[in-house]
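The values are calculated or read from the model by the stated rules, or taken from the named source; none is laboratory data. Because the structure is a prediction, the values reported are computed rather than measured. A quick note on method: Cβ atoms are made from the backbone with ideal geometry, for glycine too, and the neighbour counts reach across all protein chains shown. Protein only, heavy atoms only, side chains kept; ligands, DNA and RNA dropped before computing areas. Shrake-Rupley method; radii C 1.70, N 1.55, O 1.52, S 1.80 Å.
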Amino acid sequence: SMDHTAKLWDVVAGKCRSTFRGHVDSINSVCFQPFSENLCTGSGDKTVSLWDCRTALCIQTFYGHLNAVSSVAFSARGDRVASTDADGVVKLWDVRKVAEYCQIYAGPHPANHCAFDRSGSILAVASDDGTVKVFNVDLAACATDDGKASAHLNDLRGHDQAVQCVVFEPNSNKYLVTSSSDASYRIWS
């Protein structure tokens with residue numbers, strides 16, 4: 001939120017159970033880590049933080065973005081976090097090693113959102129240029145350059161304006177759904 005906090009809500013009771021404080025700019029994205037009591041935030045302060053939901057304490061902060069973080073997403077196993085920023089940079093973080101292990105350039109337009117497929121190998125990135133860029137992050141981790149040449153699989157074109165959100169259908173993993181500022185959504189197979 002713009003007040004630099006994230007909140008954990010009990011939706012049945014309608015009460016805030018925890019407030020996560022520590023960022024120094026807006027929190028633009030939040031997601032839960034699978035198989036844990038942790039959540040991840042991405043902030044306008046250019047950082048990605050992991051939080052313990054039981055204590056509301058920050059357990060790790062990842063530094064490295066040069067512009068505001070727009071989105072964070074965990075892989076299904078919970079061992080990787082992807083983060084996107086306003087420069088079109090995607091960073092991949094190894095949660096166990098507490099380190100960045102790869103950077104992919106998806107720019108020059110802002111990268112608005114990202115999502116892993118069920119395998120954790122494919123990452124879709126929603127771009128301000130109206131495309132969705134699809135990467136194999138396993139190949140990106142092995143690349144010697146910025147990762148784009150070997151990791152970039154495809155650009156999905158079909159929106160007339162910025163793509164704001166991407167999500168893989170979780171059951172079959174066959175479909176990707178995107179939404180855009182052009183007031184449309186697309187289902188990709």
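The table that follows gives values for the structure above.
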quantity: The listed residue being surrounded by fewer than 17 Cβ atoms within 10 Å (Cβ to Cβ), of a type in the set (Val, Ile, Thr) and free of Cβ contacts under 8 Å to residues at least 40 places away in the same chain, out of Val89, Val98; calculated: Val98
quantity: Of residues in the stretch 1-14 being among the aliphatic types (A, V, I, L, M) and surrounded by fewer than 10 Cβ atoms within 10 Å (Cβ to Cβ), the one nearest to Thr47 (Cα to Cα); calculated: Met2
quantity: Matching option when the condition is surrounded by fewer than 19 Cβ atoms within 10 Å (Cβ to Cβ) and basic (Lys, Arg), among Arg80, Arg17; calculated: Arg17
quantity: Matching residues, the stretch 35-60, being farther than 17 Å from Lys91 by Cα and open to solvent by less than 80 Å² (accessible area, probe 1.4 Å); calculated: Ser36, Asn38, Leu39, Trp51, Asp52, Cys53, Thr55, Ala56, Cys58
quantity: Residue match in the stretch 102-109 (condition: surrounded by 19 or more Cβ atoms within 10 Å (Cβ to Cβ) and in contact with a Cys (Cβ under 8 Å, 6 or more places away or on another chain)); calculated: no
quantity: Test: residue in the stretch 139-147 that is farther than 19 Å from Ser70 by Cα, buried (at least 20 other Cβ atoms within 10 Å of the Cβ) and at pLDDT below 95; calculated: yes
quantity: Leu66 vs. criteria farther than 26 Å from Val177 by Cβ, free of Cβ contacts under 8 Å to residues at least 24 places away in the same chain, touching a strand residue (DSSP E or B) at 6+ places or on another chain (Cβ under 8 Å) and surrounded by fewer than 21 Cβ atoms within 10 Å (Cβ to Cβ); calculated: yes
quantity: Test: residue in the stretch 15-27 that is part of a loop (DSSP other than H, G, I, E, B) and of a type in the set (Val, Ile, Thr); calculated: yes
